[in-house]
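Enquirer: The structure's right below; bear with me while I get my questions together.
Since every read-out is calculated from the coordinates, none of them should be taken as a lab result. All figures in this text were calculated on a predicted structure; none of them were measured in a lab. A quick note on method: Cβ atoms are made from the backbone with ideal geometry, for glycine too, and the neighbour counts reach across all protein chains shown.
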Amino acid sequence: MSRRRFFKLLGKSIAQAAAEFTYEATKPNKSYLRPPGSGNEDEFLSLCQKCGECIKACPTGVLDRVKEMHPLILDTPFMNFENNYCERCYACIEACKSGALNKENLKKYKLYAKLDENRCVAFQDIFCQSCYWSCPKMDRAITLKDFNYPQFHREECLGCGRCVHVCPTSPKSIEIVKVENEED
């Protein structure tokens, strides 16, 4: 190997390592639940053009822009259940021209609600059934134990976020989690 080639490869390796370190070091600390049809976070961020068309297309207003001053995620869409819940109409996917949202990812990923019993007022002996009554799959996705304590059943959950939207606690006792579907 020539000296010139050696230093060229060394420079390229150093530049690549610096770029990878910078990317990892500048990743945001907070994670955001992306709109339906999004892939993993890195894939989504590489494809999203921050155009806001998905947000405009959303009839319920659950989609919002990230306002965190971070260059990778600023103005990208996320599901803000403080605003509303998702009707699963997928107008956001239809409006996305960049491919950051696509129907194939609906098969690949599943959303479900997860309850933090330490925050839930029902588990502090305060009567609350807000999540139960808001659920479109009442008595399947959310059931009540002893008529007071909500029990979440991930396999039945639609991931719409109605339960999160109506949850009276701050911070919320419920979060929507995105997982890869298990292959049969």
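Enquirer: List 45, 101, 115 from most exposed to least, where exposure is judged by having the fewest other Cβ atoms within 10 Å.
Expert: Ordered from fewest to most neighbouring Cβ atoms within 10 Å, 45, 101, 115 come out as 45, 115, 101.
Enquirer: If I take every Cα pair under 8 Å that is 6 or more residues apart in region 109-184, average their sequence separation and divide by the length, what percent do I get for the relative contact order?
Expert: 45 percent
Enquirer: Distance in nm between label sites at residue 98 and residue 5, each 7 Å beyond Cα in the beta-carbon direction?
Expert: Each label point lies 7 Å from its Cα, and together they span 4.0 nm.
Enquirer: If you rank 130, 98 by fewest surrounding Cβ atoms within 10 Å, what's the result?
Expert: 98, 130
Enquirer: Here's something else I'd like to know. Can you tell which of 148, 73, 101 lies farthest toward the positive end of the dipole of region 51-158, using +1 and -1 charges on the Cβ of basic and acidic side chains (Lys, Arg; Asp, Glu)?
Expert: Most positive-ward Cα: 101.
Enquirer: Oh, and also: Find how much the distance from residue 119 to residue 15 grows on full extension, using 0.36 nm per residue of separation minus their present alpha carbon separation; answer in nm with one decimal.
Expert: Here the segment from residue 119 to residue 15 would lengthen by 32.8 nm.
Enquirer: Helix-only mean residue ellipticity at 222 nm, the chain, DSSP H runs n ≥ 4 weighted -39,500 (n - 2.57), per residue, nearest 500. What is it?
Expert: -8000 deg cm²/dmol
Enquirer: Taking only Cα atoms, what is the 0 to 90° angle, nearest 10, from helix 3-25's long axis to the longest principal axis of the chain?
Expert: 20 degrees
Enquirer: Here's something else I'd like to know. Summing Lys, Arg as +1 and Asp, Glu as -1, what charge do residues with Cβ under 12 Å from the Cβ of residue 169 carry, residue 169 excluded?
Expert: -1
Enquirer: Follow-up question, since we're still on this one. Of 116, 146, 64, how do they rank once you tally other Cβ atoms within 10 Å and put the fewest first?
Expert: Ordered by Cβ neighbours within 10 Å, fewest first: 146, 116, 64.
Enquirer: Work out the length of the dipole vector of the chain about its Cα centre, built from +1 on the beta-carbon of each Lys and Arg and -1 on the beta-carbon of each Asp and Glu, and round it to the nearest 20 debye.
Expert: 980 debye
Enquirer: For the ranges 32-39, 83-90, what's the packing order if you count other beta-carbon atoms within 10 Å of each residue, average per peptide, and put the highest first?
Expert: Details: 32-39: 23.4, 83-90: 17.1.
With the highest mean Cβ count within 10 Å placed first, the list reads 32-39, 83-90.
Enquirer: Treating the beta-carbon of each Lys and Arg as +1 and of each Asp and Glu as -1, no other charges, what is the dipole magnitude of region 30-102 about its Cα centre, to the nearest 20 debye?
Expert: 100 debye
Enquirer: What ranking, highest mean first, results for peptides 103-111, 134-142 when packing means the other Cβ atoms within 10 Å averaged over each residue?
Expert: With the highest mean Cβ count within 10 Å placed first, the list reads 134-142, 103-111.
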